[in-house]
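Remarks on the structure that follows.
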Amino acid sequence: MHAPLDEMLSAAIAASEVIVEVYEREVVASHKADGSPVTEADARAEEIILERLAPIGLPVLAEESVAAGHIPQLGRHYFVVDPLDGTREFLKRNGEFTVNIALCEDGRPVAGVVLAPATGMTYWGSADGAFGGTVEHGDMHGHHRIEVSADGPVRIVASRSHGHPALKTLCENMQVVADVSVGSSLKFGLLASGAAQLYPRFGPTCEWDTAAGQAVLEAAGGVVLRLDGMPLTCGHVAQKFLNPPFVAAASRALADAAIEEIRRIPG
């Protein structure tokens, strides 16, 4: 099907506006059953996204709905939504949080939007390519094509809130020249725009954390692979939508090299 990117972008922009409104005042967080924090911004943003996507008529796998026990029957095509990816970063007030909306086809993310409400920086991609721009006062500005940069020194990007001891070893073994720590799906945006080349993820993530970013990165020429070398996929109800460890990279060759190094790391 044709990716409804205009609707996805519109939904992300509308959600970002309410997130910023909450962000600019005192925020009180509660905790879900898995211990992860949730705020008023998460709930209100998801409500807006669901409302904006409803006319398209596709199932929506959305983080807060799943947490409440509402899991739709997924067909060939469905949306995967994280209304506020990086709630911990939101609460730390460092600006490194995003709205994630992905369209999946047969378990593969084929289109995605990643929008950072605090800055307006937006990445989106589909079969037509990957693009970047900045939202200002509800409108997109500076629309430009983006692509990965697989040549030259390797710069690695990691999670600000979920570091892993193996990262240091991987950086040494792959002669990484820079280690950039950043929260949420902004990591995928850095890879897709050529600012970094490698994002290894050892710790747990959910499909709504990664689907939109994966779609953007793949549209920009990159890959996202599990440690068995197969593409990361979505729709795994039996696994409660949890991802296995993975490597996102600017090229298949770089991903394969990183996976080989990771397999050599003890533990």
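Could you tell me whether the stretch 69-86 includes any residue that is β-branched (Val, Ile, Thr) and touching a helix residue (DSSP H, G or I) at 6+ places or on another chain (Cβ under 6 Å)? Scanning the stretch 69-86 turns up at least one residue that is β-branched (Val, Ile, Thr) and touching a helix residue (DSSP H, G or I) at 6+ places or on another chain (Cβ under 6 Å).
Annotation note: Cβ proximity below 9 Å between a residue of the stretch 97-113 that is under 23 Å from Thr87 (Cα atoms) and a residue that is open to solvent by 10 Å² or more (accessible area, probe 1.4 Å) and of a type in the set (Lys, Arg) (sequence gap 6+ or interchain) occurs for Phe97/Arg88. Annotation: of all residues in the stretch 209-267 being open to solvent by 50 Å² or more (accessible area, probe 1.4 Å), among the hydrophobic types (A, V, I, L, M, F, W, C) and part of a helix (DSSP H, G or I), the one that is nearest to Gly86 (Cα to Cα) is Val237. Residue pairs whose Cβ atoms lie under 8 Å apart, sitting 6 or more positions apart in sequence or on different chains, and linking a residue in the stretch 35-52 that is touching a residue at least 24 places away in the same chain (Cβ under 8 Å) and farther than 14 Å from Asn100 by Cα to a partner that is of a type in the set (Val, Ile, Thr) and open to solvent by 60 Å² or more (accessible area, probe 1.4 Å), are Thr39/Val28.
Screening the stretch 152-165 for residues that are at negative phi and modelled with pLDDT under 85 and picking the one that is surrounded by the fewest Cβ atoms within 10 Å (Cβ to Cβ) gives Pro165.
The set of residues in the stretch 39-62 being modelled with pLDDT of 95 or more, open to solvent by less than 40 Å² (accessible area, probe 1.4 Å) and not in a loop (DSSP other than H, G, I, E, B) consists of Ala45, Glu46, Ile49, Leu53, Val60, Leu61, Ala62.
For Glu17, the conditions (1) at pLDDT 95 or above; (2) in contact with a helix residue (DSSP H, G or I) (Cβ under 8 Å, 6 or more places away or on another chain); (3) of a type in the set (Asp, Glu) are fulfilled apart from (2). When the stretch 192-208 is examined, which residues are found to be surrounded by fewer than 24 Cβ atoms within 10 Å (Cβ to Cβ) and not in a strand (DSSP E or B)? Passing the criteria: Ser193, Gly194, Ala195, Phe202, Gly203, Pro204. Taken together, Glu17, Glu26 contain a single residue that is assigned to a loop (DSSP other than H, G, I, E, B), farther than 17 Å from Leu103 by Cβ, charged (D, E, K, R) and open to solvent by 70 Å² or more (accessible area, probe 1.4 Å), which is Glu26. Out of all the residues in the stretch 106-148, which are over 29 Å from Arg44 (Cβ atoms) and either among the charged types (D, E, K, R) or modelled with pLDDT under 95 (or both)? Listed by number, the residues that qualify are Asp106, Arg108, Asp128, Arg145, Glu147.
Is it the case that some residue within the stretch 140-158 is within 18 Å of the chain's Cα centre (by Cα) and not in a strand (DSSP E or B)? Yes, there is a match, as at least one residue in the stretch 140-158 is within 18 Å of the chain's Cα centre (by Cα) and not in a strand (DSSP E or B). Within the stretch 15-34, the set of residues being touching a strand residue (DSSP E or B) at 6+ places or on another chain (Cβ under 8 Å) and in contact (Cβ under 8 Å) with a residue 12 or more places away in the chain comprises Ala15, Ser16, Ile19, Ala29, Lys32.
The values are calculated or read from the model by the stated rules, or taken from the named source; none is laboratory data. Just so it is clear, the structure is predicted and the values come from calculations on it, not from any experiment. Here the Cβ is made from the backbone with ideal geometry for all residues, glycine too, and neighbour counts use every protein chain on show. To get the accessible areas, we keep the full protein, side chains included, count just its heavy atoms, and leave off ligands, DNA and RNA. Shrake-Rupley method; radii C 1.70, N 1.55, O 1.52, S 1.80 Å.
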